[in-house]
Structures are given as structure tokens and as C-alpha cells.
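Accompanying notes for the structure given below.
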Amino acid sequence: MSGVFVSTTINGDSVEFSCAADEPLLDVLRNRLGMTGSKEGCGTGDCGACSVTVNGRLVCSCLVLGAEVGGATIETIEGMADGDVLHPLQKNFISHAALQCGICTPGFLIAAKALLDKNPDPSEEEIRFGLAGNLCRCTGYDKIVRAVQATSKEMRGA
Amino acid sequence: MVEVHLWGALRPLAGGALSVNIEAKNIRELFKKLANEYPGTEPHIKRGVAVSINGKIYRDNWDTELPENAEIYLLPRIPGG
Amino acid sequence: MPLDTSYVQKTLKQVGTRPLRPDGLDKVTGRARFGADYNAPGQLIALVLRSPHPHARIRKIDTSKAEKLAGVKAIITSADLPDLTNGDRNMRDMLENCMARKKVLYDGHAVAAVAAIDVTTARKALKLIKVDYEILPHVTDVDEALKPSAPVIHDDVFTDGVEPKPTKPSNNNKRASFGHGDVAQGFREADVVVEHSFKTEQTHQGYIEPHSCVANVSPDGTGELWVCTQGHFVYRNQCAALLGMDISRLRVTASEIGGGFGGKTHIWTEPVALALSRKANRPVKLTMSREEVFRCSGPTSSTSIDMKIGAKKDGTITAAHGVLRYHGGAFPATWAEFGAMTAFACYDLKNVKSDSIEVIVNRPKTAAYRAPSAPMAAFAVESVMDELARKIGMDPVDFRIKNAAKEGTKSSYGPVYGPIGIGATLEAAKNHPHMKAPLGKNQGRGMACGFWFNFGGQTCTDINVTPDGTVTVAVGTIDVGGSRASIGLIVAEELGIPYDHVRVVIADTSTLGHNDMTDGSRGTFSTTMACVAASRNVVKELGKRAAKMWDIPEDAVVWEDGHAKPAGSNAGNFPPLSIREIAAGAGNTGGPIAGHNEMVADGAGVSFATHICDIEVDPETGRSSVKRYTVIQDAGKAVHPTYVEGQYQGGAVQGIGWALNEEYIYGKDGRLQNAGFLDYRIPVCSDLPFIDTMILEIPNPNHPYGVRGVGETSIVPPLATVANAMSNATGVRMTHIPMSPPRVLKAIDALKKH
């Protein structure tokens, strides 16, 4: 049984795993590494629930192969908080009720962080288009956008 | 004595009547007496119905009281999403 | 003593505030466990083989090659799910929907299932199963299915509700009528009559989390099920029945749920997983793919509605008649009836009639979708209402206010209304700043009303005071959107302790009595009612213990601000005892302190909403964008206002998606063409503005805190609200939902030609 051996960095930790050649990173994270924070909503890159960053770039982990991430730096939802200190986005998502069922939340947080990392002072339109790759069915996006706005303000010290 | 209005599906089972008069103090008595007089209604009642009492819609809990002269409607059990 | 559920007005300290929800931390860190986030040691992975045909007889299923494949531990077909339903048609249809028996009835209908050591092996095994089909003609359209030329899907279904009883089987399984008065006469009295036929396409609840479960059945007939569901008790009862297990031998633990909206109120894959586990004698994990969810879980009905309303020049409606054709998918069901019941519920009508026609088609078994059947009916009614208002020359809001139902109105579905909120929402809409905001080029504004029933149901809760005086609350109603916070607030309010000292958990089916599903907007309504009762039992017990500690009679103790106090100076001069102090002494005073309640929560009260929408339409492409949206709805009492707003916003956006873009597209081959999020287009962030909400609080007299059901009603008005806005923006009456760009463009071009 052939497999691929991969050595990579996830949330700052060195991680090694074996996976099938055609196995998505999402499956590696969830099934081999027990990191179930990233979710599968569609498996085809349409919903963003599996969002992670690879070398600082926002991707759908269902569209990235486990075999591709050797030597890369990966960030998932599990690494967003600093120990027990939540990232301001996480804190504001809770306080602004930017989640109802919560299944899309990890993906949104990763995407929102990627957005603010690139653009610390986005307009409402930039936020909406920046998050257009993440689907939410519960909230209608209203409180999600407000939470990101509040976070951007807070992080800029505005 | 309460006047019990039947929804469409129940009417042919009660001889076509739009409503029937039943002596009942609570939902349990209502169901029992209705099933006694019109046995065809029993399977519908068993499957579950909603009971409107003076405009408020209730489930089919037997203890729910029927005030004297209340307007009672038997309605299909309503699903939710 | 049963709880007196009447509303009592009082000063509230906690209810109405906005604390953080208890499951929030886990959900923003990825720690929360949803359906697919659990794995059992030694588990097998299951996959389902599904029919590629919309209608076919199964001649033979040959699993022999698949069974020989190394790593395959069990394969099942309907032979492994014997019919134990004993004449219960509903249960039998449920069983057949889980696994096809003699025929496949829709594209994606399950035919067999495999459990193997990994997904690769399972996939290989599926390919090795040979099914011999005899393809039959199919029909997927609700109107086509009623034609005499249509293939009849079930030969044992005869139209119910027609006299004399038909002898020929039919795709029309039921007819019913509601209403009162004489519509023919009413139309004769009208000065203006508007009549249209409408069509709405099939949509899916669109929850982001696919169905997923882990089933584990032992040889002794006990079983465990981990599953995302809106109702783990109902799932337990139904799975146990289908598998021939005693209910108490099946323990179901509900995961966090990633959305349901009615689509996770029915079992579908769970009996398959249980049957596989039983056969393989190992845990089995079964997770649906997104394609399977769209293709063959439980979407809502597509409909065809004829609507006719007549009014006098002064705006009084004289007659209203609707004929509603809805399908239940491939099995006999009742959905049109609820459309018929809700269609005219907002109005005070002397002559009204709604006829419901239930239809069977070769599509998946329809499931509830948030206020099921109501949005489509409201679309038809409110579109005609708008046009009528325009023809009479009356403001659309005023037209509705003039005809709005109120206390004492005989509803179109029968009963006379008690106090209701439609008037309040309309007045609020009329005076809302949204109505006065200026409109730009190619923009139009529309409004519409909606109604939904809401209900209560069987609810069981357990409150335990722990040795340090903090409190755990075990409930059985699934939390779909934050209700644990609201429940915590109610218990904190009742006990007089801080919200942070109350911890709410969802119990599994073995640790609590039966609870109905979270549907019908009953989650917060029912559970808070039961928790009020349970809390008061706790308070009584705490009082008893304090009395013991003070050596005074039980009735000499009162409970105030989270403390036991002597009832008066005669009772004694004791400093108040906190819940913590009483709990510390529990071992001496009688053991663990708890309060429990089982009830049928009832009297949830009907609810009404009015929505306003501004839409901009590009006349060259037909593309539209919602510029502004306002939801006005009565919540009775918003226990946690933020979560009530969230329900309003979420329901409205689902409605907007339904109105503008979402539809199931079936090919001539009877197969679903767009079974994925790319081509089944739900709203994304960039499609929408902020959704403004206005919570009206007209207390529900049947709940101690005045709470009404809130979760569903906000999906009812949007189809019509958006359609009315569209009509005002373009000058065209849209009668086909969704109003996607090609449809809008076609309509605009047709108008231009005239």
C-alpha cells in the first residue's frame, strides 16, 4: 500500500504524517491528526468551512492535497487563540453573536483573519467580498460583518 | 358542552357535519366521545391532531381543559421546521 | 402541582440581557463537536449506493463480488431492514425512504450500503455491487404529475378527501379545503378582482453541515448512536422502531448541530448505519456528501398556486380563493394543507376558501423547511394583495391594515383569534424610517406580511444544585442557535443567582425523559417553560432545606434574590441563606437538591411578521441586489434579544435566497442537475446589506415570561416582499420563484415589447 510521507508545520508545531496520494489536506487534518476544527461542508471548495492558511494564503483545505504541504506553514482554527487568550476575532464573534449553529465559524474566523492581516481597515464592501467565499445559512451574515468591523476597529486601536 | 368544528378530512367521517356538539371537560373526554360516536375519526386522532381552544392552538394533551362553551377546532397536526 | 403558565408581568433582572452563550468558546476555537467530529475506536466507514434513475423497478441486487472484497465487513439492502411497521403507513414510507424495497422512486434513492475498513475500500465495494433496474417512466413536475398521462407512482395510493372514494390510484394523494362564507358571492360584490397563477421551485434548507452519524450496535441488541439531529429522542424512537429494538436499548447522543431548519427532523441515514453496525458487529460512521444532501435528503416542496382576490373600491376585500398544489416528493404526504391553512391567516375575510392538493412526484421525500408550506402561499397571496392595492389606488400597507385580522376575527383556517400582533407589525412598518428612505434609479420597494403557527410539545428538564451551589440544567431540546443562553437566563432569573452560575447541557436520551424535536419554533418557548417549572421545584426544595437548617416550618421560608429568608420576624431572626450554603449542607438535610419537570408545553401562540425590502434591478441583465431589508416581528418576550435578532435575520436571508436564486433544476432525465453549492446558489455575504430588525414584545399570555415562538416566521414574508419590490422596480409582476436574472430579464424584455 503506497502512501506519501509528509513533514510540515501546523500552528507552529512540527507535524509528520502519511497519507494517500489523493487525500485532501482536510481529511488529513480531521481523520489522521484529530484536528476536527476545520469542517467539511461540501468537499468541492464552494462553502469555505474548511478554510485554513497555507504559507499565509487562504485556501480551502478540501482543495489542497495532504501530499502538497510538505515544508509548508499551515494555520488552522486550533491555532488561532494564543493559549487561553482568544484572538480578538474569536472574542468578538461570541460577543456579537456572529454565530448561531457554529459550523461555519472556524472557516469564517480563518478567512476574516486572512482579510484583516492583508487589509486592517476594510470597508463594509471589502469585508463582504472578502468573506464571500464562506457560506453561512443561519445568520444572514449581518452579525458576522459587524463582528469583523468591531475587530478591525479594536485591532487598529481606533 | 362544546361545539367541535372539524377540518375537511374529518367531516365525511362524521356524516358530513361541519361541527358536532360534544359533552367534554377536557381533550381526553373529547377524543373518547368523538371516537365513540364517529369511529372513523379514531385513526386520525390517534395519528395526532391539533386542538384550537378559543383561538389558541394546543397539542393533544389529554388534561388540557375545555372551558364551557369554548370554540373548539380540530386541526391537522402542524409540522415545524 | 402543574405550573400555572399564565404570563405574569414583573421586573426582570436577567431575562432580556445579552450575556455570552455557554457553547460560544468551543465554537470559535474548533473544539465543539458536530456530527462528523466523532470517531469510535475500530469504526468502519459506510457509503450508500444510490439509484441513478428517478423511477425504476429493482429486479436484482448482486452484492457477491463486493462482499468478497478484502476490508468489506458488511453490506445491506432492504432485506436487512425487514418491515416491522405493522400497517403504519408513515413508518413504512420512512423505512422505504431509508432504503428502497421493490422500486426506486427518485434520483438518489438508497439501494444498498457498505461498511468497510476505510473509505477507499467502501468506494471500490460500491462499484462492485450490480443492480438490475427496469426503468419506468418518471414525472418530476407538480402539475405534470396531475395529468392523466402521468405515470402513477404508487398503485396503492388513492385520493383522500374526495367523494365518492376513487378506485383508480393517483399521484394526488389528498385534497382538503378550508375557509368560510361564499366566495362566489363575494367575487360578485367586488369592484376589482386580481387573479394569477404562481410557481415556486424546490429549495433545500441548505444547512452547511451534511448529515452524519456513528452507530454502534451490540450483539445483545443494545445500541448507541451519535448523530446531528434536531431531535435525538424522536430519532431514537423511530430508529428503534424500524430496527426492532426496544426504545430504552438505544441510546442517542446528539452532537452539536450545524444547521437543520427542518431538514434534520427525519431519520434517513441513521437506520442504515445502525443496520450496518448490527450486521458487522462494529461501530459504523456514515457521513453524507454535499451531493447526497442536495440530491436525496429532504428538500421542501415545489408548488403551483392559483390565487384570486377581490375587493371593493374602498379597499375592503370581499372574497379570496386559493388553490394550492404542493408535492411531498415520492411518498404520500400533507404539505399543501399547511399552505392552505396559512395563506390568508393575516386577514379578516368574510368569504375565503383555500383548496389544497397533495401530489406525489419522483423527487426525494419532502421534509419541513422552516414554517413549512407557508412561504409559498404567502408569496401568492401577498403578490395579489399588492396588485389589488395598486389597482384600487391604495397604499399597500394601508390596504393590509384595513383588512388585517385582529382579536375576534374568524381566521381563514377556522378558529377565532385571541389577541394577535399583525396590526402592530403593520403599524410599525408604516412608521418605520425604511418606508421614508429615498429610492434610487432602478430601485423598488416592497412589503409583505406572513404568519406561522408555532407550537409547544413534550419537554423534560432536570435542574441539579451541585455541592458548591452552582446549578446544572439538563435539557433535551437541541440548541440550534443559542437557546442554551436563553434557558440559562430564565433559570438564573427564577433562582435569583448569576447567569454564570448556571450551566445548561443537552442530555442524551438515556438520562432524560422524552423531548420533542427542536422545530415549530418551540425550542426556547417550551424549554424555558419547563425550566420555570423545574426551577420553582428547586426553590421549593431549597426552602425546605433552609427550614430544616433553621428548625422552622417549611411555610415560614421565602426565596428572594437567590437566598432563603424567614418569611417574617415571627419566623425567626436568621440571616439569609445563600444557595451555596444550603447546597453545602445538602448531605445533612435530605441529600442532593434537584428540581424536575415533565410537561407538554402548549399555547405557543401564532406569530405575524411584516417585512420591507428595497431592491435594485439591472434592466440589461436582470440581475438584482437587495439594498435594504427590514424585519418586524412579535417575539412576545425576547429572552436574549441578540438571538431573537439572529433568528429574524437568518430566516429573512433564507427567504431572500429562495426568492432570487435558489432552485432545484431537474433534467428531462429526472435527475437533479445542480446538486452542489456552486450551482444551487445560496446568498453569500456580498449579496446582502445589513438586515434591520424590530422586535415587538406583545407578551404571550400562555407563557410565564410572555415568550412566543420566533424561529420560523421570518422566512414566510420574504418571497412576496422581494417579489413586490421587484415588481415596483421593474413594472413586471413576477409569478415564478426564484426571480433569477434570466427570468427577470425575460419578463422585462416582454414588457418592453408591449
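The values are calculated or read from the model by the stated rules, or taken from the named source; none is laboratory data. What you see is a predicted model; the values in this text were computed from it and never measured. Quick reminder, even Gly has a Cβ in these numbers, built from the backbone with ideal geometry, and neighbours come from all protein chains shown. Keep in mind that these areas ignore ligands, DNA and RNA; they rest on the heavy atoms of the full protein, side chains included. Shrake-Rupley method; radii C 1.70, N 1.55, O 1.52, S 1.80 Å.
Within region C:471-489, residues that are farther than 24 Å from residue C:205 by Cα sit with their Cβ atoms under 7 Å from residues that are aromatic (Phe, Trp, Tyr), at 6+ positions apart or across chains, in these pairs: C:485/C:643; C:486/C:643; C:488/C:499; C:489/C:499. The set of residues from region C:482-494 being open to solvent by 10 Å² or more (accessible area, probe 1.4 Å) and not hydroxyl-bearing (Ser, Thr, Tyr) comprises C:484, C:493, C:494. Scanning region B:67-81 for residues that are open to solvent by less than 10 Å² (accessible area, probe 1.4 Å) and more than 8 Å from chain C (Cβ to nearest Cβ) gives B:70, B:72, B:74. Contact map, region A:24-45: first residue at the interface with another protein chain (Cβ under 8 Å from one of its Cβ atoms), second residue open to solvent by 30 Å² or more (accessible area, probe 1.4 Å) and of a type in the set (Asp, Glu), Cβ cut-off under 7 Å, separation 6 or more or different chains; pairs are A:35/A:78; A:37/A:78. Scanning region C:364-397 for residues that are in contact with a Gly (Cβ under 7 Å, 6 or more places away or on another chain) and of a type in the set (Gly, Ala, Ser) gives C:367, C:368, C:371, C:373, C:374, C:377, C:378, C:380. Residue C:322 fulfils the conditions (1) in a strand (DSSP E or B); (2) out of contact with any Ser or Thr (no Cβ under 7 Å at 6 or more places or on another chain) except for a single criterion, (2).
Go over the candidates A:31, A:92 one by one and state the one that is part of a helix (DSSP H, G or I) and either hydroxyl-bearing (Ser, Thr, Tyr) or open to solvent by 20 Å² or more (accessible area, probe 1.4 Å) (or both). Quick ask: steps written out before the conclusion?
Working: A:92 fails: either hydroxyl-bearing (Ser, Thr, Tyr) or open to solvent by 20 Å² or more (accessible area, probe 1.4 Å) (or both).
Exactly one of A:31, A:92 is part of a helix (DSSP H, G or I) and either hydroxyl-bearing (Ser, Thr, Tyr) or open to solvent by 20 Å² or more (accessible area, probe 1.4 Å) (or both), namely A:31.
Looking only at region C:519-540, filter to residues that are among the polar types (S, T, N, Q) and open to solvent by less than 10 Å² (accessible area, probe 1.4 Å); which one of those is farthest from residue C:225 (Cα to Cα)? Break it down stepwise before answering.
Of all residues in region C:519-540, those among the polar types (S, T, N, Q) come to C:521, C:524, C:526-528, C:535, C:537.
Cutting the leftovers down to open to solvent by less than 10 Å² (accessible area, probe 1.4 Å) gives us C:526-528, C:535.
On the way: C:526: 25, C:527: 23, C:528: 27, C:535: 30 Å.
Looking at residues that are among the polar types (S, T, N, Q) and open to solvent by less than 10 Å² (accessible area, probe 1.4 Å), I get C:535.
Listed conditions (1) in contact with a Leu (Cβ under 6 Å, 6 or more places away or on another chain); (2) surrounded by fewer than 20 Cβ atoms within 10 Å (Cβ to Cβ) are all met by residue A:47, apart from (2). Among residues of region C:169-190 that are β-branched (Val, Ile, Thr), those with a beta-carbon under 9 Å from a residue that is open to solvent by 20 Å² or more (accessible area, probe 1.4 Å) at least six positions away or on a different chain give the pairs C:183/C:308; C:183/C:321; C:183/C:353. No other residue among C:395, C:355 is over 24 Å from residue C:259 (Cβ atoms), within 11 Å of chain B (Cβ to nearest Cβ) and open to solvent by 10 Å² or more (accessible area, probe 1.4 Å) apart from C:355.
For every residue, the table says whether it meets (1) open to solvent by 10 Å² or more (accessible area, probe 1.4 Å); (2) within 14 Å of chain A (Cβ to nearest Cβ).
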site	(1), (2)
C:649	no, yes
C:657	no, yes
C:684	yes, yes
C:687	yes, yes
C:693	yes, yes
C:697	yes, no
C:703	no, no
C:720	no, no
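Note on region C:447-470: residues that are on the phi > 0 side of the Ramachandran plot and either more than 14 Å from chain B (Cβ to nearest Cβ) or free of Cβ contacts under 8 Å to residues at least 60 places away in the same chain (or both) amount to 1.
Kindly provide the set of residues from region C:508-523 that are touching a Cys at 6+ places or on another chain (Cβ under 9 Å) and away from chain B (no Cβ under 14 Å), ordered by number. Correct list: C:512, C:513. Determine whether residue A:79 is in contact with a strand residue (DSSP E or B) (Cβ under 8 Å, 6 or more places away or on another chain), closer than 19 Å to residue A:39 by Cα and of a type in the set (Gly, Ala, Ser). When the stated conditions are applied, residue A:79 passes them.
Are any of the residues in region C:209-226 on the phi > 0 side of the Ramachandran plot and surrounded by fewer than 22 Cβ atoms within 10 Å (Cβ to Cβ)? Explain how you work it out, then say what you get.
Our first condition is that a residue be on the phi > 0 side of the Ramachandran plot; within region C:209-226, this holds for C:221.
Adding the requirement that they be surrounded by fewer than 22 Cβ atoms within 10 Å (Cβ to Cβ) leaves C:221.
Yes, the conditions are met somewhere in region C:209-226.
Every listed requirement among (1) without any contact (Cβ under 8 Å) to a residue 40 or more places away in the chain; (2) open to solvent by less than 50 Å² (accessible area, probe 1.4 Å) is met by residue C:587 save one, (2).
For region A:99-153, name all the residues that are open to solvent by less than 10 Å² (accessible area, probe 1.4 Å) and small (Gly, Ala, Ser). Within region A:99-153, A:102, A:107, A:111, A:112, A:140, A:147, A:152 meet the criteria. For region C:36-56, indicate whether the set of residues that are more than 30 Å from the chain's Cα centre (by Cα), within 14 Å of chain A (Cβ to nearest Cβ), under 20 Å from residue C:210 (Cβ atoms) and of a type in the set (Val, Ile, Thr) is non-empty. No.
In region C:495-518, of all residues being of a type in the set (Gly, Ala, Ser) and on the phi < 0 side of the Ramachandran plot, the one that is least open to solvent (accessible area, probe 1.4 Å) corresponds to C:507. Against the numbered list (1) among the acidic types (Asp, Glu); (2) without any contact (Cβ under 8 Å) to a residue 24 or more places away in the chain; (3) within 27 Å of residue C:418 (Cβ to Cβ), residue C:398 comes up short only at (2). Name the residues in region A:90-134 that are more than 9 Å from chain C (Cβ to nearest Cβ) and over 15 Å from residue C:29 (Cβ atoms), would you? Within region A:90-134, A:111, A:114, A:115, A:116, A:117, A:118, A:119, A:120, A:121, A:122, A:123, A:126 qualify.
Restricting attention to region B:42-55, which residues are at the interface with chain C (Cβ under 9 Å from one of its Cβ atoms) and either at pLDDT 85 or above or on the phi > 0 side of the Ramachandran plot (or both)? Give the derivation first.
Taking region B:42-55 as the starting set, the residues that turn out to be at the interface with chain C (Cβ under 9 Å from one of its Cβ atoms) are B:47, B:50, B:52-55.
Matches in region B:42-55: B:50, B:52, B:53, B:54, B:55.
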